[in-house]
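The values are calculated or read from the model by the stated rules, or taken from the named source; none is laboratory data. Keep in mind the model is a prediction, meaning the values are calculated, not measured. Note that each Cβ is placed from the backbone with ideal geometry, even for glycine, and that neighbours are counted across all protein chains shown.
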Amino acid sequence: MASHPISKGVFCMECDWWADARRRYSMESLLDLLDQFTPPRCRHIHYDVSTREEFFFLLRKWSLRRYNTHPLLYLGFHGKPGALLLGSGKRAPKVTLEEIGEALRGKCNGRVILFGSCETIRAVPWQRRNFLDATQALAICGYHREVDWMTSAAMDLITLAAMQEYTFTLAGITAIAARIRERSRGLQRALGFRIYTRQGEA
């Protein structure tokens, strides 16, 4: 990995993917690997989430100033266009982009949100713009398509690693997007992975 100017901790929230104790898939394995390249104060923070109450409590916690060392929010959930699903099955609690945007209104300056979920950012363009305007997030990224867990995990790791290499500025996001394309163009295209800022797609 190239040297990085500023280490960025990852604050991860993740669902129980299959509600089956025999299938213990977790994004935390990726974060353990990423921790090999970050200083102790920026080691990842990981929470399992299964209810809306837990989700919004932790979302507001991440937005606090004390977590400025962890400006990258990684949301590992099932998804559909414009929403996250906090578990598997038809009865899984749903959280919309609008609800997340309202909870984080004005609190994400200089921060980035990675949606590790199927199709969430395949929302209509005005939803993405409203979300970015409301939160003031530097960027959001994720998948426009339904994705396989293992394949998207590989894409997520490439993305998380690239984000350690450049500053969280608009120019830095442009460089991160270019680095991701350089390393994974075919995979990125197959999964429909995109990065958006308030200026448009990076």
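Picking from residues in the range 1-14 that are modelled with pLDDT of 85 or more and not charged (D, E, K, R), the one that is surrounded by the fewest Cβ atoms within 10 Å (Cβ to Cβ) is Gly9.
Given the criteria out of contact with any Lys or Arg (no Cβ under 8 Å at 6 or more places or on another chain), modelled with pLDDT under 95, aliphatic (A, V, I, L, M) and on the phi > 0 side of the Ramachandran plot, does Ala19 qualify? Yes, satisfied. Pairing each residue of the range 46-71 that is in contact (Cβ under 8 Å) with a residue 60 or more places away in the chain with any residue that is part of a helix (DSSP H, G or I) and surrounded by 14 or more Cβ atoms within 10 Å (Cβ to Cβ), provided the two are 6+ apart or on different chains, yields C-beta distances under 8 Å for Thr69/Cys42; His70/Cys42; His70/Trp62.
Only one of the listed residues (Glu102, Glu119) is part of a loop (DSSP other than H, G, I, E, B), closer than 18 Å to Gly82 by Cα and not polar (S, T, N, Q). That residue is Glu119. Checked against (1) at pLDDT below 95; (2) in a loop (DSSP other than H, G, I, E, B), Arg185 meets all criteria but (2).
The single condition among (1) closer than 23 Å to Phe55 by Cβ; (2) surrounded by fewer than 19 Cβ atoms within 10 Å (Cβ to Cβ); (3) without any contact (Cβ under 8 Å) to a residue 60 or more places away in the chain that Glu201 does not satisfy is (1). For the residues Ala190, Ala177, the requirement of being over 18 Å from Thr69 (Cα atoms) and surrounded by fewer than 18 Cβ atoms within 10 Å (Cβ to Cβ) singles out Ala190.
The set of residues from the range 72-96 being more than 13 Å from the chain's Cα centre (by Cα) and farther than 15 Å from Glu146 by Cα comprises Leu86, Gly87, Gly89, Lys90, Arg91, Ala92, Pro93, Lys94, Val95, Thr96. Among the residues making up the range 134-182, those that are in a helix (DSSP H, G or I) and either basic (Lys, Arg) or over 30 Å from Glu102 (Cβ atoms) (or both) are Met150, Thr151, Ala154, Leu157, Ile158, Ala161, Ala175, Ala178, Arg179, Arg181, Glu182.
Taking the range 35-56, which residues are among the aromatic types (Phe, Trp, Tyr) and over 17 Å from the mean Cα position of the chain (by Cα)? Answer for the range 35-56, where residues must be among the aromatic types (Phe, Trp, Tyr) and over 17 Å from the mean Cα position of the chain (by Cα): just Phe37. Name the pairs: first residue in the range 121-150 and loosely packed, with under 15 Cβ neighbours inside 10 Å, second residue aliphatic (A, V, I, L, M), Cβ to Cβ under 7 Å, at least 6 apart or on different chains? From residues that are loosely packed, with under 15 Cβ neighbours inside 10 Å, the pairs are Arg145/Leu191.
Would you confirm whether any residue within the range 51-71 is surrounded by fewer than 18 Cβ atoms within 10 Å (Cβ to Cβ) and either within 22 Å of His144 (Cα to Cα) or in contact with a Leu (Cβ under 6 Å, 6 or more places away or on another chain) (or both)? So far as the range 51-71 goes, no, none of its residues is surrounded by fewer than 18 Cβ atoms within 10 Å (Cβ to Cβ) and either within 22 Å of His144 (Cα to Cα) or in contact with a Leu (Cβ under 6 Å, 6 or more places away or on another chain) (or both).
Confirm whether Ala137 is under 14 Å from the mean Cα position of the chain (by Cα) and under 19 Å from Asn109 (Cα atoms). When the stated conditions are applied, Ala137 passes them.
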